[in-house]
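What follows is a set of notes on a single structure, which appears directly below.
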Amino acid sequence: MTRPKHWQEFIPFAMAHTPLKMSVEEAHAEVKYGWAHAYSPEALAQAVDALDDQPLGYRINIFLARICFRGIYFPMMGKLAWLKVVAENRHTIFKLVKEAVFGRRERPRVPEGDVVFEEVAVPESQASA
């Protein structure tokens, strides 16, 4: 363990061990990179788009939840910080608002390999047997 023994020397969010084959600074940079990309505007848009077959309310809920969790890991203390997040995610927000106001133009595509309900329905001749 590389942590100091005395509580006054404690450094929060510091590693308690030395990782193998990388320095502590490289490990911190890797974690920071991972969190930044997990909550980037592109990742949020991809998460919402991946749920394209779900109802609009569910996708809005997921988007808002991810924005709030982003606030836990990257504290947004002022109004300007929130405005920056809204501006960064404006494309996803506008897409959801557009769908809420105008509805969908087309049905969401069924991923290949998934079976549509009508294809699975039992024929009437077999249902009565």
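With a simple spin-label model that places each label point 7 Å from the Cα along the Cα-to-Cβ direction, the separation between ALA65 and SER40 comes to 2.3 nm.
Based on the Kirkwood radius over alpha-carbon pairs, what value in µm²/s does the Stokes-Einstein equation return for the translational diffusion coefficient of segment 23-103 at 25 °C and 0.890 mPa s?
The Stokes-Einstein estimate is 178 µm²/s.
From the phi of every residue in segment 83-98, what ³J(HN,Hα) in whole Hz does the Karplus formula 6.51 cos²θ - 1.76 cosθ + 1.60 yield, where θ is phi - 60° and glycine or proline is x? Listing the rounded values in order: 5, 5, 5, 4, 5, 5, 9, 4, 5, 5, 4, 4, 4, 5, 5, 4 Hz.
Hey, if you put +1 on the Cβ of every Lys and Arg and -1 on every Asp and Glu Cβ in segment 23-103, which of GLY57, GLY78, HIS37 ends up farthest toward the positive end of that dipole? Final value for the positive-end residue is GLY78.
Each reported figure results from applying straightforward, stated rules to the coordinates on display, with no laboratory input. All values reported here derive from a predicted model rather than from experimental measurement. Because the Cβ atoms are built from the backbone with ideal geometry, glycine has one as well, and the counts that use them run over all protein chains shown.
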